[in-house]
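In what follows, a structure is listed as structure tokens, so that the remarks can point back to it.
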Protein chains: 2
Amino acid sequence: MSSLFSNRILNTKKSFIREILKVTSNKEIISFAGGLPNPISFPIEALEASIHRIIQTQGTSIFQYATTEGYLPLREYIAKRYTKRFGLDIKPEHLLITSGSQQALDLLGKILINEGDEVLLEKPSYLGAIQSLCMSEPTFLEVNLTPSGPDLKALEEIFTHHAPKLFYTVPNFQNPTGLTYSLETRKALGKLLHDKDTVLIEDDPYGELRFMGEDLPYSGFFGAKRSVLLGSFSKIVTPGMRIGWICTQDEEIMDKLITAKQAADLHTNYFSQVAIHDYLIHNDLDAHIQTIKALYLKQRNTMLDSIKEYFPANVEVTEAEGGMFLWVTLPAYMSALELFDLASKANVAFVPGEPFYANDMQPNTLRINYTNSDPATIREGIKRLATAIYTLETKHTL
Amino acid sequence: MSSLFSNRILNTKKSFIREILKVTSNKEIISFAGGLPNPISFPIEALEASIHRIIQTQGTSIFQYATTEGYLPLREYIAKRYTKRFGLDIKPEHLLITSGSQQALDLLGKILINEGDEVLLEKPSYLGAIQSLCMSEPTFLEVNLTPSGPDLKALEEIFTHHAPKLFYTVPNFQNPTGLTYSLETRKALGKLLHDKDTVLIEDDPYGELRFMGEDLPYSGFFGAKRSVLLGSFSKIVTPGMRIGWICTQDEEIMDKLITAKQAADLHTNYFSQVAIHDYLIHNDLDAHIQTIKALYLKQRNTMLDSIKEYFPANVEVTEAEGGMFLWVTLPAYMSALELFDLASKANVAFVPGEPFYANDMQPNTLRINYTNSDPATIREGIKRLATAIYTLETKHTL
């Protein structure tokens, strides 16, 4: 019998995190579940000044329909920042403004994937990407993520037998693991893809939030044939305005993306594009980012220190050099879903690993966020979580 | 050979109008091509006051990530307005806020259509809907639009042989024709669909802009089994903020829409949702709409009067009771594309009918917009267009 609904929606799950967030709205709960920036990092006064200024100087035009590609001065600003950071010749026509980088995934899935086409993901991968790409009904392939990036031998093996339409990566402080690709891995990945049509997507919402070590160039700069970068103002200015972008020098891909963007929502909120651009040219973004990084580094260190103090020694955790998340691996015999129930009772929340796996999941993993709690709360939350882990341990050894 | 790109994007055209708008950016040209609200109708000062107020009273929260469904007080406002206008029990949970109503089409296509599924359109239909639905690769069916709505006999015939997944309609002051469904047609349509799973989509961006006659209830209120309404603040407050909505009491459809919305862009620009809501509760929207209607009615009358004065008698035009557009039918032997070239040379632009037809097009039709030009400009533009029509007439009779 044919259903009222399409196969794509019947095969796409609701976001696990968004469901968890509903549960954790209880104020007693310390939540490490979300991926929210710390609101004290939002430059509210400067944004209000910008909004006042653009209304005075640009009047009605900022309230009107606008071009699909996005506000040209904002695209120029982003192009210049890429050029300055990485010494590449990025131009405004290489940029499309999107309604957050989540929309970039929707558009890329739409233009690249036919039902059943192969798509390669990191294992584990960002759950929002899995959800969004699901809508184009691909077959998912996965490559294990190591502390220096995707397992290169496994990657070569995959490309010997498969030609995935795209490889979706988060090279800096990955969501969910916090892991970062090494320079060597980036070079090898760029080289591997130099003669392949596989579109290399590097989604980089956290790249500017590096606490230690040096900024590394994108893998796409090392010869990958088809390279697409995603960026966003969500973690460095404000997420509520939903302003992200796609950057690619591939004219064919950009042309198709613009058509898909027209069909999706005509254009991104123009008022907010102009407001954020005005904020960027009248304020010191780098100084603002330094403030955010100092805040998050302290919270990250508190979380890592508390974990070392309270967690059993057989629990592993990544030591993210930036970004928003740590990834916890419990002993193999433990289930993060079981732990979630115990932790909820102790009023602390996290995201079990399950939704970050497109195919086979590793049930003893979980993601914790440190950006949206102060250090004292982080210590208390980790303490509660440790108690829950010990309780689970006891259950297993009984 | 398999392409880099998906079939859906290879089969979707760029928006004809957006391409025309680039051509008509020349300031010498009088453009009746766009579908832009008149910028003098934007309540800029009131919106700025609202933005100031929400920053003062709500602080950081309006810059943070938010729920997928949309800002609850805004959904409550829209629910109450529907209830007040039509005496129905619409609740906030029947509403999903979208990034303009264009996104509503994207989401509905995604959740309802598998490749090859049948979709029913008015003939002609809104080109943005054709483009957006194309991305889900349906088979298009069309029903002729008459001055009182879709041809009911043809509609019954279609439903005898087909079971389209959805019927996309613009019941009030349709884009492109300006035509409105009569009360009888609405009743008959609701009745026809009372036992059918075909989702009746009534897209109503212009419904509040009625210059004459009485507001009519939606066809969905007359017993249609699966009814979905689309609305937007683009034509009554501002289009630049891209705030639209989907209203349906069908829980299954709403549930699937929320999943598709998560995957598409997490949620609509939250800052703008809160700003528009604050504007709505602190200002008299009905009075504002009266001002817009008075402005547009004058422009519409000027356009109709000028057409009667200048156009040859064998050219037909619809007399829209509201909205933004008139639809011109040239004698059958004339081509609107040919006219477009002549008109461009005479510095006047419109949209040829072609992109409004999903299947067979009627080449002697065209759409003209009256909302974004003052009366003097409208007279001059219609005069130029008349001259171009006479030139084309002469070419044919030579």
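The values are calculated or read from the model by the stated rules, or taken from the named source; none is laboratory data. No experiment lies behind these values; they were computed from the predicted model shown. FYI the Cβ positions are ideal-geometry reconstructions off the backbone, even for glycines, and counts take in every protein chain you see.
Quick notes
- Residue among A:Tyr71, A:Tyr65, A:Tyr77, A:Tyr82 that is at pLDDT below 95 and closer than 27 Å to A:Ile258 by Cα: A:Tyr65
- Among the residues of region A:302-328, those that are without any contact (Cβ under 8 Å) to a residue 60 or more places away in the chain and either buried (at least 20 other Cβ atoms within 10 Å of the Cβ) or in contact with a helix residue (DSSP H, G or I) (Cβ under 7 Å, 6 or more places away or on another chain) (or both) comprise A:Val317, A:Val328.
- For the condition assigned to a helix (DSSP H, G or I), in contact with a helix residue (DSSP H, G or I) (Cβ under 6 Å, 6 or more places away or on another chain) and surrounded by fewer than 24 Cβ atoms within 10 Å (Cβ to Cβ), B:Ala188 qualifies.
For (1) more than 30 Å from A:Arg8 (Cβ to Cβ); (2) within 14 Å of chain B (Cβ to nearest Cβ); (3) not acidic (Asp, Glu), each residue gets a yes or a no:
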position: A:Asn114; (1), (2), (3): no, yes, yes
position: A:Leu127; (1), (2), (3): no, yes, yes
position: A:Leu145; (1), (2), (3): no, no, yes
position: A:Ala154; (1), (2), (3): no, no, yes
position: A:Lys165; (1), (2), (3): no, yes, yes
position: A:Val170; (1), (2), (3): no, no, yes
position: A:Gly178; (1), (2), (3): yes, no, yes
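- Beta carbons closer than 7 Å, at least 6 apart along the sequence or on distinct chains, pair a first residue in region B:72-100 that is closer than 26 Å to A:Leu266 by Cβ with a second that is acidic (Asp, Glu) and buried (at least 21 other Cβ atoms within 10 Å of the Cβ) for B:Ser99/A:Asp265; B:Ser99/B:Asp265; B:Gly100/A:Asp265.
- Of the residues making up region A:39-51, those that are at the interface with chain B (Cβ under 10 Å from one of its Cβ atoms), surrounded by 15 or more Cβ atoms within 10 Å (Cβ to Cβ) and modelled with pLDDT of 95 or more number 6.
- Pairs with Cβ under 8 Å, 6+ apart, first in region A:127-144 and on the phi > 0 side of the Ramachandran plot, second among the β-branched types (Val, Ile, Thr) and assigned to a loop (DSSP other than H, G, I, E, B): A:Glu137/A:Ile113
- Test: residue in region B:56-75 that is more than 8 Å from chain A (Cβ to nearest Cβ) and under 24 Å from B:Lys293 (Cβ atoms): yes
To keep it simple, each residue is scored yes or no on (1) surrounded by 23 or more Cβ atoms within 10 Å (Cβ to Cβ); (2) in contact (Cβ under 8 Å) with a residue 40 or more places away in the chain.
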position: A:Arg300; (1), (2): yes, yes
position: A:Leu330; (1), (2): yes, yes
position: A:Ser344; (1), (2): no, yes
position: A:Pro363; (1), (2): no, no
position: A:Ala376; (1), (2): no, no
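- So B:Ser306, is it more than 30 Å from A:Arg242 (Cα to Cα), touching a Lys or Arg at 6+ places or on another chain (Cβ under 7 Å) and not assigned by TED's automatic domain parsing to the domain that holds B:Glu208: yes
- Hits in region B:374-398 - residues which are touching a helix residue (DSSP H, G or I) at 6+ places or on another chain (Cβ under 7 Å) and of a type in the set (S, T, N, Q): B:Thr391
Condition check ((1) facing another protein chain (nearest Cβ under 9 Å); (2) part of a loop (DSSP other than H, G, I, E, B)) across all residues:
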| position | (1), (2) |
| --- | --- |
| A:Ser227 | no, no |
| A:Val237 | yes, yes |
| A:Gly240 | yes, yes |
| A:Glu252 | yes, no |
| A:Ile258 | yes, no |
| A:Ala263 | yes, no |
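- Among the criteria (1) out of contact with any His (no Cβ under 8 Å at 6 or more places or on another chain); (2) crowded, with 21+ Cβ neighbours inside 10 Å; (3) among the aliphatic types (A, V, I, L, M); (4) within 12 Å of chain B (Cβ to nearest Cβ), the one A:Ala33 does not fulfil is (4).
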